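Student: Pasting in a structure now, in structure tokens, and then I'll have a few things to ask.
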Amino acid sequence: MTARWLDYELDVAKLIAFPAMSDGRQPLTAAFLRAKRVADRLRPPSATARISPEQLREYREAVTDYEVAFDLAERDARRLKDANFSAEERKRLDTAQQLLSVAIDEAATPAERQLAYRRVREEPRRAPPPVG
């Protein structure tokens, strides 16, 4: 489950295509992140650690909650795409998508690709310009 979530955090294309998976303002994403914290907190310290049946039950329930919350957040992020974002945020995502195209374009020079890749990682998180 954590590996699936990290795909959204580390894969630039997924970050651009499904920004809600990295946006804690989204209610289902926030619920997933809370469920993850609970499961992480209840995880036994090692595979050989002795835990009580009650602790095992609590951990299993927390992992199930985490899985369900992730699935809901993922479905919602795929449904939303960038619909809940402002025009300025959508513009930054579009710019990031264009930069990603350059970053993976084998016809571009290595320097162009490297610069585009560096910029594409920064673009979705860049602060909006000041208003007024």
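Student: Just one of 103, 107 is open to solvent by less than 70 Å² (accessible area, probe 1.4 Å) and at pLDDT below 95; which is it?
Tutor: So the residue among 103, 107 that is open to solvent by less than 70 Å² (accessible area, probe 1.4 Å) and at pLDDT below 95 is 103.
Student: Between a first residue in the stretch 67-87 that is closer than 14 Å to residue 25 by Cα and a second residue that is outside any helix (DSSP H, G or I) and at pLDDT below 95, which pairs have beta carbons less than 6 Å apart while being 6 or more apart in sequence or on different chains?
Tutor: That search, which allows pairs on different chains as well, returns 77/18.
Student: Can you tell which of 83, 30, 77 is of a type in the set (Gly, Ala, Ser), modelled with pLDDT under 85 and under 30 Å from residue 118 (Cα atoms)? It would help to see each step written out before you state the result.
Tutor: Working: 30 fails: modelled with pLDDT under 85; 77 fails: modelled with pLDDT under 85.
When all the criteria are applied, what remains is 83.
Student: While we're looking at this one, here's another question. Tell me, please, whether a residue that is over 16 Å from the mean Cα position of the chain (by Cα), touching a residue at least 12 places away in the same chain (Cβ under 8 Å) and not in a loop (DSSP other than H, G, I, E, B) can be found in the stretch 27-39.
Tutor: Applying the first criterion (over 16 Å from the mean Cα position of the chain (by Cα)) to the stretch 27-39 yields 38-39.
So of that shortlist, the ones also touching a residue at least 12 places away in the same chain (Cβ under 8 Å) come out as 38-39.
Then keep just the ones that are not in a loop (DSSP other than H, G, I, E, B); that gives 38-39.
Checking the stretch 27-39: at least one residue is over 16 Å from the mean Cα position of the chain (by Cα), touching a residue at least 12 places away in the same chain (Cβ under 8 Å) and not in a loop (DSSP other than H, G, I, E, B).
Yes/no per residue for (1) in a helix (DSSP H, G or I); (2) surrounded by fewer than 17 Cβ atoms within 10 Å (Cβ to Cβ); (3) out of contact with any Cys (no Cβ under 9 Å at 6 or more places or on another chain); (4) among the basic types (Lys, Arg):
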| residue | (1), (2), (3), (4) |
| --- | --- |
| 45 | no, yes, yes, no |
| 54 | yes, yes, yes, no |
| 65 | yes, no, yes, no |
| 70 | yes, no, yes, no |
| 74 | yes, no, yes, no |
| 88 | yes, yes, yes, no |
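The values are calculated or read from the model by the stated rules, or taken from the named source; none is laboratory data. Model, not experiment: these values are computed from the prediction. Because the Cβ atoms are built from the backbone with ideal geometry, glycine has one as well, and the counts that use them run over all protein chains shown. Each accessible area value is taken on the protein alone, full model and side chains, heavy atoms only, with ligands, DNA and RNA left out. Shrake-Rupley method; radii C 1.70, N 1.55, O 1.52, S 1.80 Å.
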